[in-house]
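A.B. asks: Structure provided below as structure tokens; questions to follow.
The values are calculated or read from the model by the stated rules, or taken from the named source; none is laboratory data. Just so we're clear, the structure is a prediction, and the values are computed from it rather than from any experiment. Neighbour counts run over all protein chains shown; Cβ positions are idealised from the backbone, glycine included.
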Amino acid sequence: MRHFPLFRDLRGRRVVVSGAGETAVAKLRLLLKTEATTVVYGAAPHPQIARWATERRLIHIDRPIDHGDALCAAMVYGANEDAVEDARAAIIGHAAGALVNIVDNLEDSDFITPAIVDRDPVTIAIGTEGAAPVLARRIKAENEERLPHSLGTLARIGQGFRDAANALPHGRIRRRFWSRYYDEVGPQALEVGGEEAVVAALHALVADISEEAPETGTVALIGAGPGDPELLTLKARNVLHEADVVIHDRLVSADILELARREAIVIEVGKNPNGASWKQEDIDALMVEHAANGAHVARLKSGDPAVFGRLDEEMDALDAAGIPFTIIPGITAASAAAASIGVSWTRRGRNASFRLLTGHDVAGFAEHDWRGLAKPGQAAAIYMGVRASRFLSGRLLMHGAAADTPVTAIENVSRSDQKIVATTLDRLPDALAGAGITGPAILFLGLSPRQAMAAADDIADPIPATGGQ
Ligand code: SAH
């Protein structure tokens, strides 16, 4: 993000516009919405500027800008449609310590003016760093359509009511008050009885909400998927949006955490394989503590919470503390990994079963039914297998697996830095090291990417298909 968005207070400040033509008019339409004193410099003004000057909405000076004209100005716009004149305006503006914007010239500007959806005091500013004005216009049009014009009025009345609303307890209850105001009570009252009815409805709503029984805290054990926020379920997204406290694993992506409310308390309880880690008991205690205080806790786990996620320990701890919980399934890493290489976990005539294994367990490298796994036609997804790859490959080969059994590693599934390494069982550890696989990865035993798989199927004598799977 090269430009940081912020809202500048222009009350009682001067804004200077150099240029009095068509381009200046377009900017002035926005600037005149503010409480700034706007001064326009330029000979032969556009009739609209002359009109605004007569109406005293701005001050027009009938000559080009000169040194000293930008004194105490908060911002200076170069809107001359003339590069030399704009450059002169920039020098004058900078000398006065003002921020300068040259219209349609990103490189010579200190700031850019966003596209605006105006429901004053609610303002949406849309910027694309100059990269996609068409997109900005589309987002603006969508928001113009979606947000009723009464929103500004409701927000203004709500602003005047903040002190009265502060009588309600902070947090969930106060939030419920405001949601109900903006979603139902406010719009209805405004439509039926105008602004006075809205104020009366606000008083009634405070009384109603004060009488409602306090909510008990809950925990949602949520599968956050492999990283791409679009792979989150709608249910997970809704619960996350409502949560007071978000407790998440290290592998839950930043894009997903963005979906939490800004006021939510967000706590990472990482279990870093190479560094400091949270103990499971401490994570359990943290969930219990917040829920016992009445909070709605979103416990975000990567992938699906029921796959190598220590779900049972967390459910047991919540049961023991008498805290109600729900489980929201997610897309497990192996499922997204299969999608990204275009293969299915099972296939008629190829493999009728599929295993999920872990490379590590509490005792270190995990032991498995190596003999069963080494048989031809087996397929498995190995989680936490990168550091155990030499051990895995050694064990399987020792139990008779073919050296050329395909293995595919998919690192950072569904993220922008996803990497795929297709290799064979005997070369696995070296191939992983060679490709620099260090992030979270799924190892598919017996599966290779779709194209390679199709080529191998052509060569091998296919086993006759029997029944559906
Ligand atoms: N509950 C998770 C698994 C947690 S165990 C799930 O259902 O996906 C952690 C392991 O999951 C990692 O070591 C890695 O093997 C795998 N994993 C999690 N996110 C991943 C991702 N985005 N890409 C590849 N593997 C991932």
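For every residue, the table says whether it meets (1) within 11 Å of the ligand (Cβ to nearest atom); (2) surrounded by fewer than 19 Cβ atoms within 10 Å (Cβ to Cβ); (3) basic (Lys, Arg).
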{"position": "321", "(1), (2), (3)": "no, yes, no"}
{"position": "326", "(1), (2), (3)": "no, yes, no"}
{"position": "336", "(1), (2), (3)": "yes, no, no"}
{"position": "349", "(1), (2), (3)": "no, yes, no"}
{"position": "355", "(1), (2), (3)": "no, yes, yes"}
{"position": "374", "(1), (2), (3)": "no, no, no"}
{"position": "380", "(1), (2), (3)": "no, no, no"}
{"position": "387", "(1), (2), (3)": "yes, yes, yes"}
{"position": "410", "(1), (2), (3)": "yes, no, no"}
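A.B. asks: Given the structure, is residue 156 within 16 Å of the ligand (Cβ to nearest atom), surrounded by fewer than 19 Cβ atoms within 10 Å (Cβ to Cβ) and at pLDDT 90 or above? Quick ask: steps written out before the conclusion?
C.D. replies: Working: within 16 Å of the ligand (Cβ to nearest atom): no; surrounded by fewer than 19 Cβ atoms within 10 Å (Cβ to Cβ): yes; at pLDDT 90 or above: yes.
So residue 156 fails the test.
A.B. asks: Further question: Residues 180, 176, 137: which one is at pLDDT below 90, surrounded by fewer than 16 Cβ atoms within 10 Å (Cβ to Cβ), of a type outside the set (Gly, Ala, Ser) and not assigned by TED's automatic domain parsing to the domain that holds residue 315?
C.D. replies: That would be 176, the only listed residue that is at pLDDT below 90, surrounded by fewer than 16 Cβ atoms within 10 Å (Cβ to Cβ), of a type outside the set (Gly, Ala, Ser) and not assigned by TED's automatic domain parsing to the domain that holds residue 315.
A.B. asks: I'm told residue 330 meets every condition in (1) part of a loop (DSSP other than H, G, I, E, B); (2) more than 16 Å from the ligand (Cβ to nearest atom); (3) crowded, with 20+ Cβ neighbours inside 10 Å except one. Can you identify the failing condition by its number?
C.D. replies: (2)
A.B. asks: List every residue pair whose Cβ atoms sit under 9 Å apart, with the two residues 6 or more apart in sequence or on different chains, where the first one lies in the stretch 322-348 and is on the phi > 0 side of the Ramachandran plot and the second, anywhere, is within 16 Å of the ligand (Cβ to nearest atom).
C.D. replies: Once the first residue is on the phi > 0 side of the Ramachandran plot and sits in the stretch 322-348, its partners that are within 16 Å of the ligand (Cβ to nearest atom) give 342/449.
A.B. asks: Any residue at all in the stretch 301-311 that is surrounded by fewer than 21 Cβ atoms within 10 Å (Cβ to Cβ) and either away from the ligand (no atom under 13 Å from the Cβ) or under 14 Å from residue 448 (Cα atoms) (or both)?
C.D. replies: No, that holds for no residue.
A.B. asks: How many residues are touching a strand residue (DSSP E or B) at 6+ places or on another chain (Cβ under 9 Å), in contact (Cβ under 8 Å) with a residue 12 or more places away in the chain and in a loop (DSSP other than H, G, I, E, B) when one looks only at the stretch 270-292?
C.D. replies: Adding up the residues that qualify gives 2.
A.B. asks: Let me ask something else. Could you tell me how many of the residues in the stretch 92-102 are more than 16 Å from residue 26 (Cβ to Cβ) and either in a strand (DSSP E or B) or over 40 Å from the mean Cα position of the chain (by Cα) (or both)?
C.D. replies: Within the stretch 92-102, the subset more than 16 Å from residue 26 (Cβ to Cβ) is 92-100.
So of that shortlist, the ones also either in a strand (DSSP E or B) or over 40 Å from the mean Cα position of the chain (by Cα) (or both) come out as 92, 95, 99-100.
So the count comes out to 4.
A.B. asks: Out of 66, 118, which single residue is in contact (Cβ under 8 Å) with a residue 12 or more places away in the chain, charged (D, E, K, R) and in a strand (DSSP E or B)?
C.D. replies: Numbers: 66 fails: in a strand (DSSP E or B).
Result: 118 is the single residue among 66, 118 that is in contact (Cβ under 8 Å) with a residue 12 or more places away in the chain, charged (D, E, K, R) and in a strand (DSSP E or B).
A.B. asks: Now for a separate question. Can you name the condition, by its number, that residue 109 falls short on among (1) under 14 Å from residue 23 (Cβ atoms); (2) surrounded by 17 or more Cβ atoms within 10 Å (Cβ to Cβ); (3) in contact (Cβ under 8 Å) with a residue 12 or more places away in the chain?
C.D. replies: Answer for residue 109: the failing condition is (3).
A.B. asks: Right, here's the next one. Could you list all residues from the stretch 293-316 that are within 27 Å of the chain's Cα centre (by Cα) and part of a loop (DSSP other than H, G, I, E, B)?
C.D. replies: The first filter runs over the stretch 293-316 and keeps only residues within 27 Å of the chain's Cα centre (by Cα), leaving 294-311, 314.
Of everything in the stretch 293-316, those that are within 27 Å of the chain's Cα centre (by Cα) and part of a loop (DSSP other than H, G, I, E, B) turn out to be 294, 295, 302, 304, 305, 306, 307, 308, 309, 310.
A.B. asks: Of all residues in the stretch 158-216, count the ones that are outside any loop (DSSP other than H, G, I, E, B), within 24 Å of residue 290 (Cα to Cα) and among the acidic types (Asp, Glu).
C.D. replies: In the first step, residues of the stretch 158-216 are kept if they are outside any loop (DSSP other than H, G, I, E, B); the result is 158-160, 162-165, 172-211.
Still in the running and within 24 Å of residue 290 (Cα to Cα): 172-179, 209-211.
When the remaining residues are screened for being among the acidic types (Asp, Glu), the result is 211.
Of the residues in the stretch 158-216, 1 are outside any loop (DSSP other than H, G, I, E, B), within 24 Å of residue 290 (Cα to Cα) and among the acidic types (Asp, Glu).
A.B. asks: Right, next: When the residues of the stretch 124-141 are narrowed to those that are under 19 Å from the mean Cα position of the chain (by Cα) and small (Gly, Ala, Ser), which ends up farthest from residue 105 (Cα to Cα)?
C.D. replies: Result: 125.
A.B. asks: Inside the stretch 200-234, can you point out the residues that are exposed (fewer than 15 other Cβ atoms within 10 Å of the Cβ) and not polar (S, T, N, Q)? Outline the logic, then answer.
C.D. replies: Going residue by residue through the stretch 200-234, those that are exposed (fewer than 15 other Cβ atoms within 10 Å of the Cβ) are 200, 203-204, 207-208, 210-216, 230, 234.
Once the filter is applied, which keeps residues that are exposed (fewer than 15 other Cβ atoms within 10 Å of the Cβ) and not polar (S, T, N, Q), the stretch 200-234 yields 200, 203, 204, 207, 208, 211, 212, 213, 214, 215, 230, 234.
A.B. asks: How many residues are within 12 Å of the ligand (Cβ to nearest atom), without any contact (Cβ under 8 Å) to a residue 60 or more places away in the chain and basic (Lys, Arg) if we restrict to the stretch 412-427?
C.D. replies: The qualifying residues number 1.
A.B. asks: Still on this structure: I'd like to check something: does the stretch 228-240 contain any residue that is part of a loop (DSSP other than H, G, I, E, B), over 25 Å from residue 270 (Cα atoms) and in contact (Cβ under 8 Å) with a residue 24 or more places away in the chain?
C.D. replies: Start the filter on the stretch 228-240 by keeping residues that are part of a loop (DSSP other than H, G, I, E, B), which leaves 228, 232-233.
Okay, now just the ones that are also over 25 Å from residue 270 (Cα atoms), so none.
Scanning the stretch 228-240, I find no residue that is part of a loop (DSSP other than H, G, I, E, B), over 25 Å from residue 270 (Cα atoms) and in contact (Cβ under 8 Å) with a residue 24 or more places away in the chain, so the answer is no.
A.B. asks: Can you name every residue in the stretch 432-447 that is hydrophobic (A, V, I, L, M, F, W, C) and either more than 16 Å from the ligand (Cβ to nearest atom) or closer than 17 Å to residue 384 by Cβ (or both)?
C.D. replies: Going residue by residue through the stretch 432-447, those that are hydrophobic (A, V, I, L, M, F, W, C) are 432-433, 435, 437, 441-445, 447.
Correct list: 432, 433, 437, 441, 442, 443, 444, 445.
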